[in-house]
Amino acid sequence: MNWRRLSLVPYRVRLLLRATFVFLMVATVGLALSVLQQEKQLSYKNYQINFQKTREQIAATLRHPSGQLALLNPAAGGGAALHPLLLPFAALDFDDLQKVQQAVAMSGCLAQYGDNGSLCVGIGNNPWAGGFIYVAGTFDSALLVPHVRGDQVLDQAHRVTVKVALRGQVYEWIAPFEESTEPQTPRSRFGGMRGRLTGFTAADVARAKAPAVKDFRGWIWQNPHCNQPAGNDDDSRCARSAFFSLRLPIGVLQEGLFEKRRPVWPPEDLHRINVSIAVLAPGDGPPLLDSGKGPSAPPFSLADLKPMLLPGESLQIRRVAQNDMRDGSVPAADMPQLVGAVDPEEQSWHVVTTLIRHLPVDAYDVPLAAKEIITTPAGSYEILLKGDVRSVSKSLSVVASRLAWFVGAMLAALALAWLVIEIGIIRRIKVLIKRANDVGERVRTARGFSEADLADLRGEDELGVLATGLHDLLRRVREDVERENFRAEQERDMWHAVGHEIMSPLQSLMFLHGSADDQSHRYINRMQQAIRVLYGRASPSEAFQSSELQVTEIDVAAFLCHVADNAPCIGIDQVHFNGPDALLARADEYSLEDVVTHVLRNAERYRLRGSAITITLEAGDTGATITIHNQSPPIEPEMIGKIFEYGVSDQAESGANGNRGQGLFVAKTYMAKMGGTISAHNVDHGVSFVMNLRRAG
């Protein structure tokens, strides 16, 4: 397995760059999600706070008399017909201005009619207060014209006409204003004009001396000041506000009170009782107040609670069932459900809304609901308010949908930058690395050298300059390799020619000195062996390294003694041998003689003039040690490890003088092939070369 191909080192820059962009994209999305989650948590807490505020506001509104009025009259509408409302009071103190004004104002019963008029029509919530309908209202008028008591003509005074229709019967009254002459008490003192509204049955008005209706009661109080700030209070024509209250006796309702032990109250047909009221000025002019025109602003109703609800919230009001021993059980009743309106203009992406909805938030899955019990004189009502947490996600998604464009733009910018770097840089780096690896692979596998084609990667940017430099470098390398191959081919041809020309004379010399006792025979064999080693090789170093030696057992002592005796024959004098008479070791005799000869020649070159060269042989337990010592200057420390390399020589122009720097290289190569070693050491008064061989046996 090629572990180099499995390593991530060649790809770490690209991986780091890509991981950086992935991290930036993930961080951008993660930051957006984190912000959304925090905003959702804050929005949910705010929604809980607002939900509680809505609950408290609705409960406070319904506990107010105006809210109780809406609870007691859930079906009340703002139509043109006027129907009595069930008041949150047992009855109205109609003859006390302050009390009746306070009651109708707090209950919100007054409905606006026109610009300056208002009306409130209702019945008390206690049936034993009598079957009366109460009417209260305001209107603007000039100074009231009273009716003279006993005068049969009623249209010359301010008057109120009332008409009530229910259960097939119609009650109609005319009540002219009669100014009161009774002194006012300090508690009920009123500075303006006041008086009674005496009720007459409309059918009896035409008869002489029509009797007044005993149970019909009414009062009018007119403000003494003009409505206009600049008006003159003494001017009878300036408009003044007036307040009136009536108690209408309804015989049908009074009779129904005595039919059962506990009558049904309020009447079941309360919403079908039609009341018409008009306030008329003297003469035949238009009415000052007319209920037939319909209210311009109806009183408070349960539907007015809807704007208080947050989007998606629902409000359910339910009348609680009651069990009374006197009147039996009152069944529970549900009123129409109110749901908070959702703004249709708020648009959001469904995907963003779904994503926000799935973001984890504490207690988000717990339903929000609140229950309140509102007690009224007519019964208890259960108020159930339910929250809609989906509105939190939807409202947040509206904002998030706008921010999604910004996050998307950031991601698109990162993706675009990544794409540009991938195409413009990383792809070119990959191509450059691949082609450089192909060149290196060819060189390593000795398949020759071919220049990579980098023309398409060259340019003026950083990578283009790098590709141009690499292209020029590879071209120079290719040219150098071609020159080296040409030189090696010439050298090989030279060696072939030299070897061919030398081998023929050596063969002739072998026949002339064929006797084993002839000293020349030995040197001719060494020459033939050297030619065979070098013949046909591309370089001497390859020839020496690929040569094969015949390692046998030889007497190293006799061999070294013979070398020392014959050293003068090769021009080396004063060579002395010290050692045992006999010592067997494993070596190739001719190669060992070459090794010793090369060392002796180096010793001859550097020894002091007139000094001797000593060859010492020592026997070890498993090996034999040969030491060749000469007196000479020491070898430089940095050169001791290099003198055995091919071509290393300290002589200038050594090749021209026949010194190629290969003698010690050959010695080291042959010693290694014979299983031995050779090394050089600086000692006292000279240099020693130490050779170790394995002993025979």
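If we keep just the residues of the stretch 43-63 that are modelled with pLDDT under 85, surrounded by 15 or more Cβ atoms within 10 Å (Cβ to Cβ) and not aromatic (F, W, Y), which is farthest from M106 (Cα to Cα)?
If we take residues in the stretch 43-63 being modelled with pLDDT under 85, surrounded by 15 or more Cβ atoms within 10 Å (Cβ to Cβ) and not aromatic (F, W, Y), then S43 is farthest from M106 (Cα to Cα).
Starting from residues that are in contact with a Ser or Thr (Cβ under 8 Å, 6 or more places away or on another chain) and in a loop (DSSP other than H, G, I, E, B), keep the ones in the stretch 126-148 and report whichever is surrounded by the most Cβ atoms within 10 Å (Cβ to Cβ).
Here the answer is H147.
Only residues in the stretch 270-296 that are of a type outside the set (S, T, Y) count as the first member; pair them with residues that are crowded, with 20+ Cβ neighbours inside 10 Å and assigned to a helix (DSSP H, G or I), Cβ under 6 angstrom, at least 6 apart or cross-chain, and list the lot.
Sorted first by the residue in the stretch 270-296, then by its partner, the pairs are I277/S291.
With respect to the numbered conditions (1) within 20 Å of V213 (Cβ to Cβ); (2) outside any strand (DSSP E or B), which one is the sole condition not fulfilled by K163?
So K163 meets the others, but not (2).
Which of (1) in a loop (DSSP other than H, G, I, E, B); (2) of a type outside the set (F, W, Y); (3) surrounded by 15 or more Cβ atoms within 10 Å (Cβ to Cβ) is the odd one out, the single condition L17 does not satisfy?
Failed condition: (1).
Regarding the stretch 307-322, can at least one residue be identified that is of a type outside the set (A, V, I, L, M) and modelled with pLDDT under 70?
Looking for residues that are of a type outside the set (A, V, I, L, M) and modelled with pLDDT under 70, one finds at least one in the stretch 307-322, hence yes.
Do you know which residues across the stretch 597-628 are touching a helix residue (DSSP H, G or I) at 6+ places or on another chain (Cβ under 8 Å) and touching a residue at least 40 places away in the same chain (Cβ under 8 Å)? Give the derivation first.
The initial filter retains those residues of the stretch 597-628 that are touching a helix residue (DSSP H, G or I) at 6+ places or on another chain (Cβ under 8 Å), namely 597-602, 613, 615, 617, 624, 626, 628.
Across the stretch 597-628, the qualifying residues are H598, V599, R601, N602, I613, I615, L617, A624, I626, I628.
Mind listing just one residue for me: the one in the stretch 286-304 that is surrounded by 15 or more Cβ atoms within 10 Å (Cβ to Cβ) and in a helix (DSSP H, G or I) and, of those, modelled with the highest pLDDT?
Ranking the qualifying residues of the stretch 286-304, first place goes to S291.
Please work out if R357 is within 60 Å of the chain's Cα centre (by Cα) and at pLDDT 85 or above.
Spelling it out, it is not the case that R357 is within 60 Å of the chain's Cα centre (by Cα) and at pLDDT 85 or above.
Quick one: which of Q38, Q102 is over 54 Å from the mean Cα position of the chain (by Cα), assigned to a helix (DSSP H, G or I) and free of Cβ contacts under 8 Å to residues at least 12 places away in the same chain?
Q102
Suppose we filter the stretch 216-240 for residues that are more than 13 Å from R194 (Cβ to Cβ) and either within 60 Å of the chain's Cα centre (by Cα) or touching a residue at least 40 places away in the same chain (Cβ under 8 Å) (or both); how many remain? Break it down into steps so the answer makes sense when it comes.
From the stretch 216-240, those more than 13 Å from R194 (Cβ to Cβ) are 216-217, 225-239; that's our starting set.
Okay, now just the ones that are also either within 60 Å of the chain's Cα centre (by Cα) or touching a residue at least 40 places away in the same chain (Cβ under 8 Å) (or both), so 216-217, 227, 236-239.
Going through the stretch 216-240 one residue at a time, the tally reaches 7.
Pairs please, first residue from the stretch 553-573 and of a type in the set (D, E, K, R), second anywhere and exposed (fewer than 12 other Cβ atoms within 10 Å of the Cβ) and modelled with pLDDT of 85 or more, Cβ atoms under 8 Å, 6+ apart in sequence or on different chains.
D555/A582
Against the conditions (1) at pLDDT below 75; (2) crowded, with 17+ Cβ neighbours inside 10 Å; (3) assigned to a strand (DSSP E or B), where does V352 fall short? Just the number, please.
In the conditions (1) at pLDDT below 75; (2) crowded, with 17+ Cβ neighbours inside 10 Å; (3) assigned to a strand (DSSP E or B), V352 misses (3) alone.
Which of (1) under 60 Å from the mean Cα position of the chain (by Cα); (2) at positive phi is the odd one out, the single condition G130 does not satisfy?
(1)
Here are E491, E422, E484: which of them is assigned to a helix (DSSP H, G or I), at pLDDT 75 or above and over 27 Å from G30 (Cβ atoms)? Working first, answer last.
Numbers: E491 fails: at pLDDT 75 or above; E422 fails: over 27 Å from G30 (Cβ atoms).
Of E491, E422, E484, the one residue that is assigned to a helix (DSSP H, G or I), at pLDDT 75 or above and over 27 Å from G30 (Cβ atoms) is E484.
The values are calculated or read from the model by the stated rules, or taken from the named source; none is laboratory data. Quick caveat, the model's predicted, so the values are computed rather than measured. Because the Cβ atoms are built from the backbone with ideal geometry, glycine has one as well, and the counts that use them run over all protein chains shown.
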